[in-house]
Amino acid sequence: MNRAALFFVGGCGRFILSTNTKSAVSWIPPKFACHESRSPAKLGHIQLARRIGHGRGQRRVAGHQRAHGAGATAHIYMAVESERIDSKGSKVSLRIKVDGETTKAAVDTVLKELGKTASIPGFRKGKVPQNVLVSYFGEKNINASALEEVVNETVKLALQEAKIQYLGNASLIEKPEDVVTRFTPGQPLSFDISVDVWPEAKLKESYKETEIVVARLPEDDIEELVERTLDDLRKRTSQLQDVQNGTIEYGNTVVASIRCYRMLPDGKRGDRIRGVASDEEVNVPIERGRFLEGFVEGLIGAKVGEVRQIPVRFPENHKATKLAGKSVLFEVRIHSIKECILPEVTDEWAKQVTEQENVEKLKETLREKLVEENQRMRERSMDRAIEDFILNITEVDLPESLIEEQVKRQFAELMAELKTQGVPDNKIKAMITKENYERYRSGPARENAERSLRIGFGISKIVENEGLKLDDSEIEKRLQAERELAGAEEFEEKPVRDRLVAVMEREIAFDFIRKNCSFKFVNTPKPDQSRSSVPAQLAA
């Protein structure tokens, strides 16, 4: 899998490790948030310009630049040792050690910077003695800020020195306050961290010369589908004609207004459920199995001007959660009854509705499209079976940070898809909230993320094992197409390239499996879609 695309910034515990080179770790000491003059903005995240002393034999660490005032930079020098103390699956633990000079110099630098910025009654800024600073802010808080600086530098350095391909968040194994308690200026300090690492996938069994079972829906007879499609086309181009002095029958369309009420335990009508049905006149097709059980049946035999009370129970898994499993009464007022007048299937009709020369040309076109659709369905079934096969043979310990990032990516892709569907930017922006993300995350999103990641790792392992190569010219061709599609919009090449590489790896791995495995097709029963909908005017 492409690693760079999955690195991200996040928090774990109170120390936050980032892949951002400007700040490896940040931590808000707990007491700094307790008083306005000692808020995190003023002290907890203070930007320090410092040069921590180093003696002979100590490793020089080129610190990252940090802003402190206009154009100021800083460098840290400290002695660091680290050792790997544990490795389990996709997580590694390190013990980091720093010497006493480093801890003392860190505290001295914190005090020096506080002396420049702190406003303490009775002292001019920049002229506050160190013992007053310690007394005012508290020794523990000073040590906490110094520890933050030490951890900021040493964690990232230790991971680099250990050549660990880390992901996302590193966290202290101990509670941060326990490490602060052990922090003594001038004394050596050690602390343990754990961090997620890029996992290594294994394939549990052979993926060559294997029979893969493909579950698919049975294919209907093409000629039968052609006739069914023609019938649907006739219904869409039909005309409605009023039924005079008649009653509702199957095949009619009823113009009605509908209200929805709660059903009381005794079967009587309760309060109205607003937002579920509308008083406006709507067309209701009278077709068997079209709506929830009992709704259409309750209208059969009704006359114009009649009002019917129809009891309906919504299924437990209905997508409208406020209705799921509930019994309601629909009050349906019949305004008119219409019958459907179907047009005859003639060459003239075919020209009008499809631009085909005649009925035979129309049927020929329908056959071609239906054959193509059957082939696409067969390919989709094969792809799904290959995915399931790779999922079952891939063994990989997925770190939590990687799963979480995949869920975030899926959520972002969902929002992007809404934009392509024409949803206005302001509505999409309103959807991107913590609450909506948590609702999305608590659904099937995590399971889908794990599935996607495992399949991705399995694909990469097959590509690696077989030495399959991507066509660089094809990558550039697809990349150029993406650039043209973006048009005037800002185009970020790297994430697009990463996505294209992943797609192409999938293609060559699937092609390899198709050539080296056999497939057994097994028909599965068609799902029963009857009674699955409610009238169009009911809000979901």
Selection from Ala256, His318, Ile286 lying farthest towards where the dipole of segment 239-341 points positive, charges on Cβ
His318
Quote the FRET efficiency, to the nearest 0.05, computed for Ser93 versus Glu373 with a Förster distance R0 of 41 Å and r equal to the Cβ-Cβ distance.
0.15
Quick calc, segment 357-523, dipole around Cα centre from Cβ unit charges on Lys, Arg (+) and Asp, Glu (-), nearest 20 debye, gives 540 debye
Distances longer than 21 Å among the Cα atoms of segment 81-198: what percent of all pairs is that?
44 percent
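Students sometimes get this wrong: rank Glu492, Glu219 by accessible area, probe 1.4 Å, all chains present, largest first. Before the final figure, lay out each step's value.
Values: Glu492 115, Glu219 85 Å².
So, going from the largest accessible area down, we get Glu492, Glu219.
From the square roots a ≥ b ≥ c of the eigenvalues of the alpha-carbon gyration tensor of segment 239-341, which class results: rounded (a/c under 1.5), prolate (a/b over b/c), or oblate? Walk me through the numbers before you get to the answer.
Details: a/c = 2.11, a/b = 1.78, b/c = 1.18.
Since a/c reaches 1.5 and a/b is larger than b/c, the shape of segment 239-341 is classed as prolate.
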Find, among the trypsin sites (Lys or Arg not before Pro) in segment 111-173, those assigned to loop by DSSP (not H, G, I, E, B) with at most 10 other beta-carbon atoms within 10 angstrom.
Arg124, Lys127, Lys163
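Multiply the residue separation of Glu490 and Glu281 by 0.36 nm, subtract the distance between their alpha-carbon atoms, and state the gained length in nm to one decimal.
Working: separation 209, 0.36 × 209 = 75.24 nm, distance 4.68 nm.
Result: 70.6 nm gained on full extension.
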Which lysines does Lys268 reach when only Cα atoms under 30 Å apart count, and residues fewer than 8 places away in its own chain are ignored?
Lys303, Lys319, Lys322, Lys326
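Counting Lys and Arg as +1 and Asp and Glu as -1, each charge on the Cβ, what is the dipole of segment 239-341 about the Cα centre in debye, to the nearest 20?
Details: 16 positive and 14 negative charges, 97 e Å.
The dipole of segment 239-341 has a size of about 460 debye.
Label segment 343-442 by shape, choosing from rounded, prolate and oblate, from the square roots a ≥ b ≥ c of the eigenvalues of the Cα gyration tensor; if a/c is under 1.5 it is rounded, and otherwise prolate applies when a/b is larger than b/c, oblate when it is not.
Working: a/c = 5.43, a/b = 1.74, b/c = 3.13.
Note, shape of segment 343-442 comes out oblate.
Please list 227-234, 104-111, 148-155, 508-515 highest first by mean number of surrounding beta-carbon atoms within 10 Å per residue.
Values: 227-234: 14.5, 104-111: 22.4, 148-155: 24.5, 508-515: 16.2.
Sorting 227-234, 104-111, 148-155, 508-515 by mean packing, highest first, produces 148-155, 104-111, 508-515, 227-234.
What is the extension gain from Trp198 to Ala412, computed as 0.36 nm multiplied by their sequence separation minus the C-alpha to C-alpha distance, in nm to one decimal? Present the calculation step by step, with values, prior to reporting the outcome.
Values: separation 214, 0.36 × 214 = 77.04 nm, distance 2.26 nm.
Fully extending the segment from Trp198 to Ala412 adds 74.8 nm.
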Tell me, what is the FRET efficiency for Val345 and Glu438 to the nearest 0.05, using R0 = 51 angstrom and their Cβ-Cβ distance as r?
0.40
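Taking a cut-off of 27 Å, what percent of all Cα-Cα pairs in segment 357-523 are separated by more than that? It would help to have the intermediate numbers written out before the result.
Numbers: 6360 of 13861 pairs.
Percentage above 27 Å: 46.
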Can you list the lysines whose alpha carbon sits under 29 Å from that of Lys104, skipping same-chain ones fewer than 8 residues off?
Lys22, Lys31, Lys42, Lys112, Lys116, Lys125, Lys127, Lys140, Lys156, Lys163, Lys175
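Full extension from Arg272 to Lys419: what is 0.36 nm times the residue separation minus their Cα-Cα distance, to one decimal in nm?
Details: separation 147, 0.36 × 147 = 52.92 nm, distance 3.56 nm.
Additional length available on full extension: 49.4 nm.
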Taking 7 Å along the Cα-to-C-beta vector as the label spot, tell me the Ala430-Arg380 distance in nanometres, rounded to one decimal.
3.2 nm
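At 1.4 Å probe radius, can you tell me the per residue accessible area of segment 239-341 in Å²?
Values: 5840 Å² over 103 residues.
Per-residue value: 57 Å².
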Just name one of Ile455, Gln375, Ile475: the one whose Cα is farthest towards the positive end of the charge dipole of segment 357-523 (beta-carbon charges, Lys/Arg +1, Asp/Glu -1).
Gln375
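The values are calculated or read from the model by the stated rules, or taken from the named source; none is laboratory data. Note that the coordinates shown come from a computational prediction; the quantities given were computed from them, not determined experimentally. For neighbour counting, all protein chains shown are included, and Cβ atoms are generated from backbone atoms with ideal geometry for every residue, glycine included. Surface accessibility is based on the protein's heavy atoms, side chains included, excluding ligands, DNA and RNA. Shrake-Rupley method; radii C 1.70, N 1.55, O 1.52, S 1.80 Å.
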